[in-house]
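Presented below is the structure to which this report refers.
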Number of protein chains: 4
Amino acid sequence: MKKTVGIIGANGYTGSELIRLLAYHPEVEMTCLFSRSNSGVKISELYPDLAGICDLVLTNELQKVDILFLCLPHKESQNWLTQNPIDAEVLVIDLGNDFRLEADFNNRKFIYGLPEINKTEIQSTKSIANPGCFATAIQLALLPLAEAGLLTDVYTTGITGSTGAGQKLQSTTHFTWRNDNISAYKTLTHQHVEEILMNLNSKSSNDVKLNFVPWRGDFARGIFTSSTIKCDKSLEEIKTLFQDFYKEAKFVQVTDGHLDMKQVVNTNKCVIEIEQNEGFIVVHSAIDNLLKGASGQAVQNMNLAMGWDETLGLNLKPIAF
Amino acid sequence: MKKTVGIIGANGYTGSELIRLLAYHPEVEMTCLFSRSNSGVKISELYPDLAGICDLVLTNELQKVDILFLCLPHKESQNWLTQNPIDAEVLVIDLGNDFRLEADFNNRKFIYGLPEINKTEIQSTKSIANPGCFATAIQLALLPLAEAGLLTDVYTTGITGSTGAGQKLQSTTHFTWRNDNISAYKTLTHQHVEEILMNLNSKSSNDVKLNFVPWRGDFARGIFTSSTIKCDKSLEEIKTLFQDFYKEAKFVQVTDGHLDMKQVVNTNKCVIEIEQNEGFIVVHSAIDNLLKGASGQAVQNMNLAMGWDETLGLNLKPIAF
Amino acid sequence: MKKTVGIIGANGYTGSELIRLLAYHPEVEMTCLFSRSNSGVKISELYPDLAGICDLVLTNELQKVDILFLCLPHKESQNWLTQNPIDAEVLVIDLGNDFRLEADFNNRKFIYGLPEINKTEIQSTKSIANPGCFATAIQLALLPLAEAGLLTDVYTTGITGSTGAGQKLQSTTHFTWRNDNISAYKTLTHQHVEEILMNLNSKSSNDVKLNFVPWRGDFARGIFTSSTIKCDKSLEEIKTLFQDFYKEAKFVQVTDGHLDMKQVVNTNKCVIEIEQNEGFIVVHSAIDNLLKGASGQAVQNMNLAMGWDETLGLNLKPIAF
Amino acid sequence: MKKTVGIIGANGYTGSELIRLLAYHPEVEMTCLFSRSNSGVKISELYPDLAGICDLVLTNELQKVDILFLCLPHKESQNWLTQNPIDAEVLVIDLGNDFRLEADFNNRKFIYGLPEINKTEIQSTKSIANPGCFATAIQLALLPLAEAGLLTDVYTTGITGSTGAGQKLQSTTHFTWRNDNISAYKTLTHQHVEEILMNLNSKSSNDVKLNFVPWRGDFARGIFTSSTIKCDKSLEEIKTLFQDFYKEAKFVQVTDGHLDMKQVVNTNKCVIEIEQNEGFIVVHSAIDNLLKGASGQAVQNMNLAMGWDETLGLNLKPIAF
């Protein structure tokens, strides 16, 4: 019998993207699409691409489910869980940042849901804190180096699509402004730096310092990052390090070719390219911010926690063009 | 046991898109990716998004297969079949325009592969001429009206993405030129008009005249068309007509909401919106030119011809954003 | 001495575009940038591209000026003029649609500001109703045919950039939605049809009927239209007709090449291409919706009404790419 | 009397952009648009936006002019000057990189044409090596820090539009590939690093090391760069440093607001934003790669070398949207 799924905040971007994934997932059935603001509305009226794929009506009445995804604005998951106590046997996956740094909440202990480092823990938990989008792309680019003790100062630039900013209308998501435009935001102060460093430093013998400059891109989906690091190793050594680190990873690839962001758009992949020059290496990484950076990774985590094949429901056709 | 598939011209856009679809199709196995120009190269080197999805090497040696897709430039399929005789029991699906108007070739008789009108014939053939992209979008917008005898003069504008022009480098596919740009091409003389009229007129008691103005759009994937027709019927009557016509269609939807092109991008759907004003109706339709307009429809046709579920391998996650 | 200029609604898109033009106009000085909502703010804080070009502070106190541009939301110009009586000798140019169809208001009689047909009247008036953007592009494509009595039923599709929808945040101007997207709106009911027909019918011996399907495009600036008309004349005859009609026009070109929209972006030009096939002609036209479609044409009208060279301040570098 | 101008390589992007600027420049007249490959063709056939602005015919016969711009592929200017000796009194401005690092050629000594540091030298020379596009954006972001001895290791990411790659058709300028895509190229090895360091090190008491990661952007025009530097100064001190350094600069602005790239597109401006956090500063800069990054700066240099107002012909309307 299929497991039942509830999505809290189903009307947002990550919520709707979860629906796109779960509608074709063989082991689950969505039974509760929870939304306070759009209760009573069909999800396919808000997201017409879902017509015929999922035509459930959003509700503000919580039903009992086996698996619960929280797709709420950051800092609202704690409130929500306080107001709506969830049984201990329900798998809770939070896509916000409420439990990434502070894992303990009520009787739950949240596991940081990056399968490439925490697979075992994820497989035996009922509480998962799904990583941030930039946090995923940057950590996957740096973790092998951290573990090898090769990281000290890191200089990273990352660019993200407009879906990263959510569906709220803002001057910086106005088409007229954003089209053909590039800008920086939260320079050196992005909220994901803390969760990145938490993990890098737990792996690293050195103290890692991350200087991260995020940019807004003129596209809807995707993240591309480049990190520059002082490092005397050869390109060959670094590549071997990465390939070893990711040899069990289902969704991370280290390419020998040239990386471009669209290679991963509409997939759950992270692709990494490494380059080297005169004592420095640069690691590029790309993900789809809504998939490996949010809802896709949440499904990957669900698969692991439920004991299913890690790739179930995630064999997605790339957009490619 | 899985059926074996060969793709002739696997290195082009429609060929590679077929690979993206068939890689996850449960009933088939690709065994022969044929390409004269890129023989010996891994397909995932040409299309890095395919890394880990399909890493087959392109070949110029034909192998025996159960199903053969021809993804050649228009007018080259005939030559190819002449030079490479194919057994009668092999299912041949041609994505070019060689057999759309002239169905008879050697001992084969090609069926025009638009499942919404030819499902029965497709289910019992070994030779399918896959429709053109604009031809699919425009026919699906007009067929119910043709059948009802409501079409005479039709005025259609359609816009297509750059993938419609193929991978060849041309001045009109140069990013610098095409970005933020709109232009018309083949005004009133597009090659798809003939195949559209062939079908409309076979359904229609009147003589249908189609004035079609194609535009080049500043996006990679998708087709959007609007057709204006003199018609005294009420909106309600027209909608009922369409809903009846498409009640068995798995991939055609008549929306009561507002259509925008991205509702169908990266899916095999065609969505249709109908509007009415003072004796005129306007029918809008949208497809993904590489999917319902090419490779997706080819898979749909394969499914029907092989007796499989029509939607197999075509439950695609929409790009949505 | 320079003439003084006031702009009412200087904080909107057309207002700010006027500032970009007038800042470098040799005969005028902006002395009053009026905005109720942003009073006290430097215009270059709202539009940082204006830094160093125009750093005036927006005000809600009206000052006496020689020339007044109204850049208000449609239907607010009448209210504004009622509440703020303007001396008869002040040149008033309204960019809204308040006086295009009803020319008489208080003691003023507004001239429809399309210089290609009303140059003489514009040169001797103090009240100008600046045409709409689609209205400009479509009329310029059709007027020579109307005058020659060759128009009856016209089928037009036009596409417009996001700036046409103004700076207000709307779901259809959200980058995530609009990027790579096409959609229709106000099908057959666009508000510009009436002003187009007013002029076409005043020139035409026949009754002209316009079926206009407007599309939203995934670019910020520009309009491209294609109009299909039954017509037995040769291409040569039609081209001669257009060239004669526009022989005095400073900003209208009939091209012998292929038109693409970016040829006119960031200029005050309208370029027209004509094609012909089997008893039908198609006329394509392109303008920048904020320039020839709004603020540029307003400056052109000002130049004419003030007795200056028609092109003053309008020799703009095309964006081209 | 106007000075005569010749453009060698007038058929390329920078050549055509020069024509757009010089067509409206009050002191010059273009008399020789030289192109070997397109001789005999009207420039406005190649670039239809130029119709009515400049309709000169390209020629392969050199004529005597007062001012000569070389817009040739990199490394071809030397050959060209060898084969076509130019009188010493002719002002030669080379837009390639032939004379940026090696200033001496035949009897000429080329001045590096960055007016913000070499204005006096430019005013008294007949030979100017126009800087590279990234070189301009990055130097303007770093020069005040270099002069103050605050630079050692610099980490810079920059993104450039497709016009930076020229008009040649390449896989990385194919619309289908580049649209919505981001990629890195020439990581740490971009050819502009050398000219940047030449100038930074000539100003700096320290040895400056630049780690530069260039990205390809999905837009046609513009460059945006972010440079991260260890620095203990306060934001206030750094801003004062920059404002002092650029107090005479006509086209460089240090903004107190937020920089986005479109603030400078279609202008000759460079805008700089500075941010600071815990011992690090980040300097963002933006230019239009074809204007301040190429042809606009060439005109600025011409103005200075000819003793004209530095801004002549460069009061350009920003695209803004």
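The values are calculated or read from the model by the stated rules, or taken from the named source; none is laboratory data. Bear in mind that the values here come from a model prediction, so they are computed numbers and not experimental data. For neighbour counting, all protein chains shown are included, and Cβ atoms are generated from backbone atoms with ideal geometry for every residue, glycine included. All accessible areas refer to the heavy atoms of the entire protein, side chains included, with ligands and DNA or RNA removed. Shrake-Rupley method; radii C 1.70, N 1.55, O 1.52, S 1.80 Å.
May I ask you to evaluate 6.51 cos²θ - 1.76 cosθ + 1.60, the Karplus curve with θ = phi - 60°, for each residue of region A:234-246 and list the ³J(HN,Hα) values in order in whole Hz, giving x for glycine and proline?
Running phi through 6.51 cos²θ - 1.76 cosθ + 1.60 with θ = phi - 60° gives 6, 4, 4, 4, 5, 4, 4, 4, 5, 4, 5, 4, 9 Hz.
What are the residues whose amide H is under 5 Å from the amide H of A:D309, where those residues sit 5 or more places off or on another chain and H is modelled from the backbone?
Residues meeting the criterion, in which the H sits 1.01 Å from N, do not exist here.
How far, in nm to one decimal, is C:D55 from itself in the other copies if the label point is set 7 angstrom along Cα toward Cβ? Shortest first, please.
4.3, 6.0, 6.1
What whole number of Å gives the distance from the Cα centroid of region B:57-81 to the Cα centroid of region C:238-314?
49
Which shape class, rounded, prolate or oblate, goes with the protein assembly as shown when its Cα gyration tensor gives a ≥ b ≥ c as root eigenvalues, a/c under 1.5 marks rounded, and past that a/b bigger than b/c marks prolate? Let's see the in-between values first.
Details: a/c = 1.44, a/b = 1.09, b/c = 1.32.
The shape class here is rounded.
Given Cβ point charges of +1 (Lys, Arg) and -1 (Asp, Glu) and nothing else, what value in debye, to the nearest 20, does the dipole of region A:133-287 about its Cα centre take? Let's see the in-between values first.
Working: 14 positive and 17 negative charges, 135 e Å.
Charge dipole of region A:133-287: 640 debye, to the nearest 20.
Quick one: which residues, 5 or more positions from B:M30 or on another chain, have an amide H under 5 Å from its amide H? H modelled 1.01 Å from N in the peptide plane, none for Pro or chain starts.
B:V5
If you count the DSSP beta bridges with both ends in region B:3-109, what percent of them are antiparallel, to the nearest 5? Don't skip to the answer; put the middle values down first.
Numbers: 3 of 18 bridges.
Of all bridge pairs located within region B:3-109, approximately 15 percent are antiparallel.
Excluding D:Q276 itself, what net charge comes from residues whose Cβ is under 15 Å from its Cβ, given Lys and Arg +1 and Asp and Glu -1?
Working: positive: A:K186, D:K230, D:K233, D:K239; negative: D:D232, D:E236, D:E237, D:D256, D:E273, D:E275, D:E278.
Spelling it out: positives minus negatives among the neighbours equals -3.
Please report the net charge: other residues with Cβ closer than 15 Å to the Cβ of A:L72, K and R +1, D and E -1. Show your work: numbers first, answer last.
Numbers: positive: A:R36, A:K75, A:R100, A:K168; negative: A:E17, A:E76, A:D94, A:D98.
Counting the neighbours of A:L72, the net charge comes to 0.
Taking 18 Å as the cut-off for C-alpha to C-alpha distance, list the pairs among B:K42/D:K186; A:K262/A:K317; C:K247/C:K269 that go past it. Could you put the intermediate results ahead of the total?
Details: B:K42/D:K186 25 Å; A:K262/A:K317 12 Å; C:K247/C:K269 14 Å.
Flagged as over cut-off: B:K42/D:K186.
If you take every DSSP beta bridge whose two residues both sit in the protein assembly as shown, what share of them, in percent to the nearest 5, is antiparallel? The partial results should precede the final answer.
Values: 118 of 242 bridges.
Percentage antiparallel, nearest 5: 50.
Could you derive backbone 3J(HN,Hα) for region C:55-67 from the dihedral phi with the Karplus parameters 6.51, -1.76 and 1.60 (θ = phi - 60°), listing whole Hz in sequence and x where the residue is Gly or Pro?
Values, residue by residue: 10, 5, 9, 5, 9, 10, 10, 6, 10, 5, 9, 7, 9 Hz.
If you count, for every residue in D:161-171, the Cβ atoms of partner chains within 10 Å of its Cβ, what is the mean?
Details: counts 6, 7, 5, 1, 3, 1, 5, 2, 7, 3, 2.
Partner Cβ neighbours, averaged per residue: 4.
Would you list A:S77, B:S37 from the most to the least accessible area, probe 1.4 Å?
On the way: A:S77 0, B:S37 95 Å².
So the residues, ranked largest to smallest area, are B:S37, A:S77.
What GluC sites (Glu not before Pro) in region D:263-312 are in a loop by DSSP, with at most 13 other Cβ atoms within 10 Å of the Cβ? Could the numbers behind the result be given before it?
Numbers: sites: D:E273, D:E275, D:E278, D:E310; in loops: D:E278, D:E310.
Here the sparse-neighbourhood loop sites are D:E278.
Accessible area per residue for region B:3-109 in Å², computed with a 1.4 Å probe and the full protein assembly in place, what is it? Can you show the working numbers first?
Numbers: 4560 Å² over 107 residues.
On a per-residue basis, 43 Å².
Just to confirm the filter: which trypsin sites (Lys or Arg not before Pro) across region A:1-94 are DSSP coil and have at most 10 other Cβ within 10 angstrom of their Cβ? Mind dumping the intermediate values first?
Details: sites: A:K2, A:K3, A:R20, A:R36, A:K42, A:K64, A:K75; in loops: A:K2, A:R36, A:K64, A:K75.
Filter output for region A:1-94: A:K75.
Over region C:183-321, with every protein chain in place, what whole percent of the accessible area is carbon and sulfur at 1.4 Å, could you tell me? Spell out each step's value before the answer.
On the way: 1820 of 4230 Å².
Solvent-exposed carbon and sulfur of region C:183-321 make up 43 percent of the total.
Carbon and sulfur: what percent of region B:3-109's accessible surface (1.4 Å probe)? Don't jump to the answer; show the numbers that get you there.
Details: 2070 of 4560 Å².
That share works out to 45 percent.
With the other protein chains left in place, how much accessible area per residue, in square angstrom, belongs to region D:161-218 at a 1.4 angstrom probe?
On the way: 1990 Å² over 58 residues.
The answer is 34 Å² per residue.
Sort B:L114, A:L62 by accessible area with a 1.4 Å probe, largest first.
Putting B:L114, A:L62 in descending order of accessible area: A:L62, B:L114.
Quick check: Cα centre of region B:200-218 to Cα centre of region A:151-224, how many Å?
Between the Cα centre of region B:200-218 and that of region A:151-224, the gap is 48 Å.
Relative to the isolated chain, which residues of region A:213-235 have their accessible area cut by 20 Å² or more in the presence of all protein chains (1.4 Å probe, heavy atoms, no ligands or nucleic acids)?
Output list: A:V213, A:W215, A:D218, A:F219, A:A220, A:R221, A:F224, A:S226, A:T228, A:K230.
Measure off 7 Å from each Cα along the Cα-to-Cβ vector at C:Q83 and D:R36, then give the distance between these two points in nanometres to one decimal.
6.7
If amide H atoms are built 1.01 Å from N in the plane of the peptide, which residues on other chains or at least 5 residues away come under 5 Å of the amide H of C:S127?
C:V92, C:I111
Between chains A and D, what is the buried accessible area in Å², counting both sides, with a 1.4 Å probe and ligands, DNA and RNA left out, to the nearest 100?
Values: alone 14430 and 14450 Å², together 25560 Å².
Looking at A and D, the buried total is near 3300 Å².
Decide, for region D:210-293, between rounded, prolate and oblate: order the square roots of the alpha carbon gyration tensor eigenvalues as a ≥ b ≥ c, take rounded if a/c falls under 1.5, and otherwise choose prolate if a/b is larger than b/c, else oblate. If you can, show how the numbers build up before the last one.
Values: a/c = 2.27, a/b = 1.36, b/c = 1.67.
In terms of gyration-tensor shape, oblate.
Residue by residue through region D:165-181, which ³J(HN,Hα) values in whole Hz follow from phi under the Karplus form 6.51 cos²θ - 1.76 cosθ + 1.60 (θ = phi - 60°), with glycine and proline marked x?
8, x, 8, 4, 6, 9, 4, 7, 10, 5, 4, 4, 7, 7, 4, 6, 10
Quick check: net charge around C:K109, other residues with Cβ under 15 Å of its Cβ, Lys/Arg +1 and Asp/Glu -1?
Working: positive: C:R100, C:R108, C:K126; negative: C:E89, C:D94, C:D98, C:E102, C:D104, C:E121.
With Lys, Arg at +1 and Asp, Glu at -1, the neighbours total -3.
Dipole magnitude of region B:165-210 about its Cα centre, charges +1 at Lys/Arg Cβ and -1 at Asp/Glu Cβ only, in debye to the nearest 20?
Working: 5 positive and 4 negative charges, 18 e Å.
Computed charge dipole of region B:165-210: roughly 80 debye.
Is region B:39-177 rounded, prolate or oblate when judged by the Cα gyration tensor, a ≥ b ≥ c being the square roots of its eigenvalues, rounded requiring a/c under 1.5 and prolate requiring a/b larger than b/c?
Details: a/c = 2.14, a/b = 1.20, b/c = 1.79.
The shape class here is oblate.
Charges only on Cβ, +1 for Lys and Arg, -1 for Asp and Glu: so what's the dipole of the protein assembly as shown about the Cα centre, in debye to the nearest 20? Walk me through the numbers on the way to the answer.
Numbers: 112 positive and 148 negative charges, 0 e Å.
Dipole of the protein assembly as shown, to the nearest 20 debye: 0 debye.
Most fluctuating residue of A:A51, A:A103, A:A294 in a GNM of chain A with Cα springs under 10 Å: which is it?
Result: A:A51 has the largest fluctuation of those listed.
Given a 1.4 Å probe, show me the residues in region A:3-50 buried by at least 30 Å² of accessible surface when comparing the whole protein assembly to the chain alone.
Checking the loss per residue gives A:Y13, A:R20, A:Y24, A:P48, A:D49.
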